[in-house]
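Here's the structure we're looking at; comments come further down.
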Amino acid sequence: MDSPSVPVRSRYTPGSFAELLSVAIPLIISSGSVSLMHSIDRVFLSWYSQEALAASMPAGLFNWLMMSLAYGTVLYVNTFVAQYHGAGRRDRVAASLWQGIYLATVFGLFLAAIAPFLSLLFARFGHDPKVQELEVTLFCFYSFGSPIILINTALTSFYSGRGAVTVVMWSNICALFVNAILDYLLIFGIEGVIPAYGVTGAAVATIAGYVASCAFMVLLINLAKGYNAYPFRQTFGFDRELAGRMLRHGFPTGMQMFVDIVGIMAFLLVVGNMGTIPLVASNLAFSLNSLTFIPLMGLGITVTTLVGQRIGEKRPDLAEKTAWMTFGLAFLYMSVWITAYLAIPETLMYPYLLHATKDVPEIQAMTTILLHYVCIYTFFDGCATIFGGAIRGAGDTHFPAVLTVITSICLLLIPMLILGYYGTTLHIAWWVISIYIIVLGVSLLLRFLTGKWKHMTVMEHSIIVAPAYDMESPAEHVAELTMPLHAEDLSDEKQIAKMH
């Protein structure tokens, strides 16, 4: 039996800049903490050995490549939650979380099972044997943690889709602290107490961080009285129809990620064959780029969430306004980092090269040049993230997937295979990846401008045709966007009474 559609009060006016900031700031901090977590991994690994740093990017990327189809599907729980939340359907919000957890568990266990076989592919990368051995170790341990990483994604989507983003922020900060402490202890060890596990310790610390994040969010669901309004017990079972819609809409997002990472893996394969120094410099440039890109992903989740909520409320014009405001905020953020890349590149590199003992001047000089390419494509990366997130928030997932497959194959994968076969320079390789990102960003901006996404949704027909809330009525009739339920709105009985 369906739960009643009961809107609750909102602290901010829907579509306002205050609402945008209330969602964006915690998600930027949250994504920034994830970026910092991976950066700490790489900094400590660079202190451990140059080979460990060189192995970290290929191993991490290959793990994300194998997990991307599942990750993109589970991540799309955010859009389902956002649209059902906007429509006031708490029963479907709870059901969406359960289906996300089921899909995450199945996908994660499958990936963990096939990891030892997939690790054999590293022998074909042509990297230095010592680097190759470390790549296999990192990849296998990351893959064994796939189930918990994917479940963490589903739990995060439950909170972010409803706008309860401070929970996401604190869960990621919790993961950051657990990872940072264990990173140092397990990578370097304590003489006579804890052995130095090196790259194995780094992988274990990362997985432990995600375990801590999941525990934090699950504990909050059980302790916070406001969540009694979500019928988790009643929606516990597997919902084939809802899970099928999640796969249908989420799988294209996963495919988009998969093809994108395949192209980047081809890029790193070509660069790795140029020698350890070009590979280390490229890894370092990407690591510094992540300081911009990963927080930018926080803004991408922000716009996906708010657009999804507005679509659920049947207010697409307000969704468009929110998307443009989000891009303006992203532009300011990107400008700060572009300035830093150009003005203080050696300062940004310092933590990574603090304990490096050889080839430091060459790595610094090469990375400084590569950061100019990062500056060129960063603006277009922002277009792809914000406007791609906006249209996916409405349910437009197939166009971005098809676009990414075509552009990645034609502009990145095929050129890299040709360059790898005939030989190339580091500059040509970086120009290829820059052009790919530029074309992708412009194309997603144009798709957004067509407005076709305004007429899309991921919800079932019975909810689509239901009357929308009168959003011009007093504040008590506006759907809650950014906070958990208030104390006076806890029980279903009180909500039903209010309706009558």
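A few notes on this one:
- Hits in the stretch 190-238 - residues which are at pLDDT below 80, surrounded by fewer than 16 Cβ atoms within 10 Å (Cβ to Cβ) and not aliphatic (A, V, I, L, M): 191, 192, 222, 225, 228
- Looking across the stretch 15-48, just one residue is touching a residue at least 60 places away in the same chain (Cβ under 8 Å) and not in a helix (DSSP H, G or I), and that is 15.
Each row is one residue, and each column tells you yes or no for (1) exposed (fewer than 14 other Cβ atoms within 10 Å of the Cβ); (2) on the phi > 0 side of the Ramachandran plot.
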{"residue": "362", "(1), (2)": "yes, no"}
{"residue": "371", "(1), (2)": "no, no"}
{"residue": "394", "(1), (2)": "no, no"}
{"residue": "403", "(1), (2)": "no, no"}
{"residue": "420", "(1), (2)": "no, no"}
{"residue": "423", "(1), (2)": "yes, yes"}
{"residue": "426", "(1), (2)": "no, no"}
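- Among all residues of the stretch 68-89, there is none that is surrounded by 22 or more Cβ atoms within 10 Å (Cβ to Cβ), basic (Lys, Arg) and touching a helix residue (DSSP H, G or I) at 6+ places or on another chain (Cβ under 6 Å).
- Residue within the stretch 116-125 that is at pLDDT 90 or above and touching a helix residue (DSSP H, G or I) at 6+ places or on another chain (Cβ under 7 Å) present: no
- Here residue 244 meets each of (1) surrounded by fewer than 24 Cβ atoms within 10 Å (Cβ to Cβ); (2) part of a helix (DSSP H, G or I); (3) touching a residue at least 40 places away in the same chain (Cβ under 8 Å); (4) over 21 Å from the mean Cα position of the chain (by Cα) with one exception, condition (3).
- Test: residue in the stretch 60-79 that is in contact with an Asp or Glu (Cβ under 7 Å, 6 or more places away or on another chain) and modelled with pLDDT of 80 or more: no
- Of the residues making up the stretch 455-465, just one is buried (at least 17 other Cβ atoms within 10 Å of the Cβ) and either in a helix (DSSP H, G or I) or modelled with pLDDT of 95 or more (or both), namely 463.
- One residue alone among 114, 101 is free of Cβ contacts under 8 Å to residues at least 60 places away in the same chain, over 20 Å from the mean Cα position of the chain (by Cα) and part of a helix (DSSP H, G or I), and that residue is 114.
- Checking residue 254 against (1) modelled with pLDDT of 85 or more; (2) in contact with an Asp or Glu (Cβ under 9 Å, 6 or more places away or on another chain); (3) not aliphatic (A, V, I, L, M), the condition it does not meet: (2)
- Residue 49 vs. criteria in contact with a Cys (Cβ under 9 Å, 6 or more places away or on another chain), surrounded by fewer than 22 Cβ atoms within 10 Å (Cβ to Cβ), among the small types (Gly, Ala, Ser) and closer than 30 Å to residue 283 by Cα: no
- Inter-residue pairs, beta-carbon under 7 Å, first in contact (Cβ under 8 Å) with a residue 24 or more places away in the chain and in the stretch 208-219, second small (Gly, Ala, Ser) and assigned to a helix (DSSP H, G or I), 6+ apart: 209/175; 210/175; 212/175; 213/171; 213/175; 216/171; 217/171
- Screening the candidates 296, 306 for the property of being buried (at least 21 other Cβ atoms within 10 Å of the Cβ) and out of contact with any Leu (no Cβ under 9 Å at 6 or more places or on another chain) yields one hit, 296.
- Checking each residue in the stretch 247-266 for being in contact (Cβ under 8 Å) with a residue 12 or more places away in the chain and either surrounded by fewer than 19 Cβ atoms within 10 Å (Cβ to Cβ) or of a type in the set (A, V, I, L, M, F, W, C) (or both) picks out 247, 251, 255, 257, 258, 259, 261, 262, 264, 265, 266.
Conditions (1) touching a residue at least 12 places away in the same chain (Cβ under 8 Å); (2) within 15 Å of the chain's Cα centre (by Cα), marked per residue:
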site: 68; (1), (2): yes, yes
site: 97; (1), (2): yes, no
site: 107; (1), (2): yes, no
site: 129; (1), (2): no, no
site: 158; (1), (2): yes, yes
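- Selection of the stretch 116-160 for residues being within 28 Å of residue 213 (Cβ to Cβ) and among the polar types (S, T, N, Q) yields 119, 137, 143, 146, 152, 153, 156, 157, 160.
- In the stretch 336-373, the residues that are among the β-branched types (Val, Ile, Thr) and within 21 Å of residue 275 (Cβ to Cβ): 357, 360, 363, 367, 368, 369
- Meets criteria (over 30 Å from residue 87 (Cα atoms) and out of contact with any Gly (no Cβ under 7 Å at 6 or more places or on another chain)) for residue 367: yes
The values are calculated or read from the model by the stated rules, or taken from the named source; none is laboratory data. None of the values given here were measured: they were computed from a predicted structure. Positions of Cβ are backbone-derived with ideal geometry, glycine not excepted, and every protein chain shown enters the neighbour counts.
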